[in-house]
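Everything below concerns the one structure shown next.
The values are calculated or read from the model by the stated rules, or taken from the named source; none is laboratory data. Remember, it's a predicted structure, so these values are computed and weren't measured experimentally. Ideal geometry is used to build each Cβ from the backbone, glycine not excepted, and the neighbour counts take in all protein chains shown.
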Amino acid sequence: MTTCQEPTDQRSRLLAHSLCKVMVKDHYLRLIRAVQDGKPLAWCSSMGPTELLRAMGFEVFYPENRAAVIGAARLAEPAIVSAGGIGYAASACSYMTSDIGSARLGVDDFAQRLECPPIPQPDVLVVSSQQCREVIAWFEYYAERYQAPLVNLILPNQLEDIKPNHLDAGVKDYAQIIAQLEPIVGAKLDYSRLARTTGLARDAALLWRRCLLTSKRCPSPWSFSDQLTLMAPIVIMRGTSECVEFYARLLTELEAQSESQQQSSRIALYWEGMPIWGKLREHAEFLASMQTDIVASTYCQSWDFSALEPEDALRSSVAVYAGLFINHRDCWKLQFMEEMLSTYKPHGIVYMNARTCPHNSNTEFAFPHRLFAKTNLPYVVIHSDMNDLRCHNEPLFRTTLEAFIEQLRENQP
Amino acid sequence: MTDPNRPIIAIDLGSVYIKTVLLDDASVPILSAITPSGFDHQATASRELSALLEAAGLKRPEVFLVTTGFARRSIPANLVVSEIGAHSWGCKHCGLLHSAPLTIVDIGGQDTKLIRLDATGRRTGFEINSVCAAGTGAFLDELARRLTISSDDFQALSAQTSQGCNCGSVCTVFAMTRILDLLQQGTPVDQIIVGAYQSVVDRILELGRLEQQVVLSGGVVAVHPRLAKLLAQSTGLPVCIAPDSQLRGAIGAALYAKHQLAQGTNRSS
């Protein structure tokens, strides 16, 4: 009888999860101690120049990571409502409204979840312009709230290709922000240290990429939920040796897991768009019951910063951060997607239309139609949100995915 | 092994109605029922199943039960299929697939689905409306409630005019506000009803492209057949209503189960 979906995920839980949890907590505890001991703290956007900040002697904190944690804990809604009370619209980025609303409510869900003291106030806020307008508005809120300087790294955006003039302009802007940051930290940038943090970030990214590539095997040794959880170190700790060591261990575990698994007939999907943080575990179980894996995603791929070059740290940093998927024109994105589909060979694509993140949703400008015309790969669009679960309809989500998986199975040769 | 010749009962647990069918050996529904879902889908479906079994003189272990629809997992079944899969199977086996692609539009109580089949009946894609209920049966029900008219009156009034007013199609609440405004301006009710139908059609058109032959399925078109004419006018495509459209999902689920039994691929029971 099939009243409920049967739990059919035979993968053993990765040991890396326990290690990751401890590492993240230790990271924040160490960060807080360091700041209490007088080290300057920069709050930085997720695609900001973290290697530079570490090299300059800053501790680095990411409000976007905090927002994702709030979303995953399903604590976003009251915060979003609260942010609405001071003029941040419900249709605006729910990362931003979750985080600002939490701050306004004075509840520190993030610290409670991590079982650590509150994150200290920033000495400086560093935001890079290529992500979206929302992250700049978000950082402006904190700049006003904490009366902290806001440093804006201006990178070229909506690119087709990155050209030398883009790199030149980015390096010039780096020079300006370095000049703004040096007085805050009270020291000149040590370029050999920058090379070291850049090298560590590159090494971690290379390992992260290899971890992601293990999903080419069927079945994948890890789920999308695993990937999203275990990407925490590459998001918040890149540029550190601990991060490199973590991904070396994870890769070893994934390869061992992969070798121990028997081949099986599963449906493989590509996920394009933001994750639905508050539904990670639920959806992992649901997909497992459908003998389906999300083998690759643009989101997880976006932290592949393996093009960083320690010997040309600033220039390669411009290339990497301006070269994000989100910062390219659709013609480039289509080509990127074709390469991803060729690498991971999914049976179909799931496009996530995040209601409050149109900038990172590729569903509104006929992108799925255009990619289908090039690849003939079936796709489906789901409507939800990364943090605001009021925009998520679980029965509709399940019906959509079930019907899509049925279709893919029926059409298999 | 499951006996491939077991009688098949299908239950479509829709958001508004529960539909049950029993297929004979020739895949023809010999018994069927349609009843309001109520608030307890599980209880209603169990009751309907018992009634159907009794009417057919069968016991539960003798039949192969397949479920579909919004609450498809609320009762134990031998097989479960999504309503998109069920309507695909139901429509491709009702004599409407003629060597050309087919688009099925299932207007349900709470969502609308657009399903594409190729000329061989293979499902090639589908779309479902997003979170808002605009363009679904819920929108028409809400309008009938506001106008305090029955579904039959709704249909009869719409036949009185070919002219519809613009009610909007983006959001049910916005459309209702617009309709109240139109009523206050003295717009005749029949024009408002046709306008509401047109807004349902507009939502269908926004969902995605329609292939050569269009078939409307589901319960809403059984009550509001004018939608087929308006969709044909808007698209210039041949549009028809599936036979037994309200039961089409249940029939399709049963046909899917029959296929699975014949293939010996079901893994349950």
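Take the residues in segment B:150-190 that are outside any helix (DSSP H, G or I) and under 22 Å from the mean Cα position of the chain (by Cα); name whichever of them is nearest to B:Gly219 (Cα to Cα).
B:Ser150
Residue by residue, here is whether (1) charged (D, E, K, R); (2) touching a residue at least 12 places away in the same chain (Cβ under 8 Å); (3) in a helix (DSSP H, G or I); (4) more than 13 Å from chain B (Cβ to nearest Cβ) holds:
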{"site": "A:Leu314", "(1), (2), (3), (4)": "no, yes, yes, yes"}
{"site": "A:Ser317", "(1), (2), (3), (4)": "no, yes, yes, yes"}
{"site": "A:Pro346", "(1), (2), (3), (4)": "no, yes, no, yes"}
{"site": "A:Ile349", "(1), (2), (3), (4)": "no, yes, no, no"}
{"site": "A:Ala373", "(1), (2), (3), (4)": "no, no, yes, no"}
{"site": "A:Ile382", "(1), (2), (3), (4)": "no, yes, no, no"}
{"site": "A:Leu401", "(1), (2), (3), (4)": "no, yes, yes, no"}
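Filter segment A:29-72 for residues that are part of a loop (DSSP other than H, G, I, E, B) and free of Cβ contacts under 8 Å to residues at least 60 places away in the same chain; which is farthest from A:Ile178 (Cα to Cα)?
So the first thing to find is which residues in segment A:29-72 are part of a loop (DSSP other than H, G, I, E, B), and the list is A:37-40, A:45-49, A:57-58, A:62.
Imposing the further condition that a residue be free of Cβ contacts under 8 Å to residues at least 60 places away in the same chain reduces the set to A:37-39.
On the way: A:Asp37: 23, A:Gly38: 20, A:Lys39: 17 Å.
Here the answer is A:Asp37.
For segment B:123-141: of the residues being over 17 Å from the mean Cα position of the chain (by Cα) and among the hydrophobic types (A, V, I, L, M, F, W, C), which is farthest from A:Glu402 (Cα to Cα)?
B:Cys132
Within segment A:156-173, is even one residue crowded, with 18+ Cβ neighbours inside 10 Å, small (Gly, Ala, Ser) and at pLDDT below 95?
Within segment A:156-173, one or more residues are crowded, with 18+ Cβ neighbours inside 10 Å, small (Gly, Ala, Ser) and at pLDDT below 95.
Test each condition in (1) in contact (Cβ under 8 Å) with a residue 60 or more places away in the chain; (2) under 15 Å from B:Gln160 (Cα atoms); (3) in contact with a helix residue (DSSP H, G or I) (Cβ under 6 Å, 6 or more places away or on another chain) for B:Tyr197 and report the one that comes out false.
For B:Tyr197, the exception is condition (1).
Against the condition touching a helix residue (DSSP H, G or I) at 6+ places or on another chain (Cβ under 9 Å), modelled with pLDDT of 95 or more and hydroxyl-bearing (Ser, Thr, Tyr), how does A:Tyr351 come out, does it pass? Please lay out each step first, then the result.
Details: touching a helix residue (DSSP H, G or I) at 6+ places or on another chain (Cβ under 9 Å): yes; modelled with pLDDT of 95 or more: yes; hydroxyl-bearing (Ser, Thr, Tyr): yes.
Criteria met by A:Tyr351.
Among what's in segment B:106-122 and is within 11 Å of chain A (Cβ to nearest Cβ), more than 14 Å from B:Gly14 (Cβ to Cβ) and under 17 Å from the mean Cα position of the chain (by Cα), pick the residue that is surrounded by the fewest Cβ atoms within 10 Å (Cβ to Cβ).
Among residues in segment B:106-122 that are within 11 Å of chain A (Cβ to nearest Cβ), more than 14 Å from B:Gly14 (Cβ to Cβ) and under 17 Å from the mean Cα position of the chain (by Cα), the one surrounded by the fewest Cβ atoms within 10 Å (Cβ to Cβ) is B:Arg116.
Out of (1) more than 9 Å from chain A (Cβ to nearest Cβ); (2) crowded, with 23+ Cβ neighbours inside 10 Å, the odd one out for B:Ile84 is which?
(1)
Could you count how many residues in segment A:269-284 are modelled with pLDDT of 95 or more and of a type in the set (A, V, I, L, M)?
Qualifying residue count, segment A:269-284: 3.
Might you check whether a residue that is within 14 Å of chain A (Cβ to nearest Cβ), within 26 Å of B:Tyr17 (Cα to Cα) and not aliphatic (A, V, I, L, M) occurs anywhere in segment B:161-175?
Taking every residue of segment B:161-175 in turn, at least one turns out to be within 14 Å of chain A (Cβ to nearest Cβ), within 26 Å of B:Tyr17 (Cα to Cα) and not aliphatic (A, V, I, L, M).
Under the condition of being more than 9 Å from chain B (Cβ to nearest Cβ) and in contact with a strand residue (DSSP E or B) (Cβ under 7 Å, 6 or more places away or on another chain), which residue from segment A:384-399 is farthest from A:Asp330 (Cα to Cα)?
A:Phe397
Determine, yes or no, whether A:Ala288 is assigned to a helix (DSSP H, G or I) and either of a type in the set (Lys, Arg) or more than 12 Å from A:Pro221 (Cα to Cα) (or both). Show your work before the answer.
On the way: assigned to a helix (DSSP H, G or I): yes; either of a type in the set (Lys, Arg) or more than 12 Å from A:Pro221 (Cα to Cα) (or both): yes.
Considered against the rule, which asks whether it is assigned to a helix (DSSP H, G or I) and either of a type in the set (Lys, Arg) or more than 12 Å from A:Pro221 (Cα to Cα) (or both), A:Ala288 comes out as yes.
Report those helices (runs of 4 or more DSSP H) wholly inside segment B:194-269 carrying at least 1 residues which are of a type in the set (Phe, Trp, Tyr). Please lay out each step first, then the result.
Numbers: elements: B:219-223, B:226-235, B:248-263.
So the answer is B:248-263.
Please tell me if B:Lys19 is basic (Lys, Arg) and in contact with a Ser or Thr (Cβ under 8 Å, 6 or more places away or on another chain).
Working: basic (Lys, Arg): yes; in contact with a Ser or Thr (Cβ under 8 Å, 6 or more places away or on another chain): yes.
Answer is yes for this residue.
Can you tell me which residue is surrounded by the fewest Cβ atoms within 10 Å (Cβ to Cβ) among those in segment A:244-292 that are acidic (Asp, Glu) and under 21 Å from the mean Cα position of the chain (by Cα)? Walk me through how you get there before you give the answer.
Filtering segment A:244-292 for residues acidic (Asp, Glu) gives A:245, A:253, A:255, A:259, A:272, A:282, A:285.
Next, only the ones that are under 21 Å from the mean Cα position of the chain (by Cα) stay: A:245, A:272, A:282.
On the way: A:Glu245: 16, A:Glu272: 27, A:Glu282: 14.
Ranking the qualifying residues of segment A:244-292, first place goes to A:Glu282.
Can you tell me which residue within segment B:87-105, out of those that are among the small types (Gly, Ala, Ser) and surrounded by fewer than 21 Cβ atoms within 10 Å (Cβ to Cβ), is farthest from the other protein chains (Cβ to nearest Cβ)? It would help to see each step written out before you state the result.
Residues of segment B:87-105 among the small types (Gly, Ala, Ser): B:88, B:90, B:95, B:99-100.
Next cut, surrounded by fewer than 21 Cβ atoms within 10 Å (Cβ to Cβ) only: B:95, B:99-100.
Numbers: B:Gly95: 21, B:Ser99: 19, B:Ala100: 19 Å.
Ranking the candidates gives B:Gly95 first.
Among the residues of segment B:123-139, write down those that are at the interface with another protein chain (Cβ under 7 Å from one of its Cβ atoms) and buried (at least 22 other Cβ atoms within 10 Å of the Cβ).
Result: B:Arg123, B:Phe126, B:Ile128.
Taking A:Ser82 as the residue in question, decide whether it is more than 25 Å from A:Lys25 (Cβ to Cβ) and touching a residue at least 60 places away in the same chain (Cβ under 8 Å). Even if it seems obvious, please write down each step before you answer.
Numbers: more than 25 Å from A:Lys25 (Cβ to Cβ): yes; touching a residue at least 60 places away in the same chain (Cβ under 8 Å): no.
So A:Ser82 fails the test.
Kindly indicate which of B:Ala228, B:Ala250 is within 23 Å of B:Tyr17 (Cβ to Cβ), surrounded by fewer than 23 Cβ atoms within 10 Å (Cβ to Cβ) and at pLDDT 90 or above.
Details: B:Ala250 fails: surrounded by fewer than 23 Cβ atoms within 10 Å (Cβ to Cβ).
Exactly one residue qualifies, and that residue is B:Ala228.
Applying the selection to segment A:24-65, what residues are in contact with a Phe, Trp or Tyr (Cβ under 6 Å, 6 or more places away or on another chain), at pLDDT below 95 and among the aliphatic types (A, V, I, L, M)?
Scanning segment A:24-65 gives a single hit, A:Met47.
Filter segment A:208-243 down to the residues that are part of a helix (DSSP H, G or I), surrounded by fewer than 22 Cβ atoms within 10 Å (Cβ to Cβ) and free of Cβ contacts under 8 Å to residues at least 60 places away in the same chain and list them by number.
Matches in segment A:208-243: A:Arg210, A:Thr214, A:Ser225, A:Ser241.
Hey, A:Leu377 hits all of (1) away from chain B (no Cβ under 13 Å); (2) in contact with a Leu (Cβ under 8 Å, 6 or more places away or on another chain); (3) assigned to a loop (DSSP other than H, G, I, E, B) but one; which does it fall short on?
Single failed check for A:Leu377: (1).
Suppose we filter segment A:327-344 for residues that are surrounded by fewer than 17 Cβ atoms within 10 Å (Cβ to Cβ) and not in a loop (DSSP other than H, G, I, E, B); how many remain? Give the derivation first.
Of segment A:327-344, the ones surrounded by fewer than 17 Cβ atoms within 10 Å (Cβ to Cβ) are A:329-331, A:335-336, A:338-339, A:342-343.
With not in a loop (DSSP other than H, G, I, E, B) added as a condition, the list becomes A:330-331, A:335-336, A:338-339, A:342-343.
Qualifying residue count for the region: 8.
Examine segment A:351-367 for a residue that is more than 12 Å from every other protein chain (Cβ to nearest Cβ) and farther than 26 Å from A:Ala90 by Cα, and state whether such a residue exists.
Within segment A:351-367 (the criterion being more than 12 Å from every other protein chain (Cβ to nearest Cβ) and farther than 26 Å from A:Ala90 by Cα), the answer is no, since none of the residues qualifies.
Among the residues of segment B:217-236, what is the count of those that are over 17 Å from B:Ser151 (Cα atoms) and in contact with a helix residue (DSSP H, G or I) (Cβ under 8 Å, 6 or more places away or on another chain)?
Going through segment B:217-236, the residues over 17 Å from B:Ser151 (Cα atoms) turn out to be B:217, B:229-236.
Applying the additional criterion that residues be in contact with a helix residue (DSSP H, G or I) (Cβ under 8 Å, 6 or more places away or on another chain) yields B:217, B:230-231, B:234-235.
So the count comes out to 5.
Checking B:Gly109 against (1) in a loop (DSSP other than H, G, I, E, B); (2) farther than 27 Å from B:Ile241 by Cα, which single condition isn't satisfied?
(2)
Of the numbered conditions (1) closer than 22 Å to A:Asn157 by Cβ; (2) among the hydrophobic types (A, V, I, L, M, F, W, C); (3) within 14 Å of chain B (Cβ to nearest Cβ), A:Met290 satisfies every one except a single condition; which is it?
(1)
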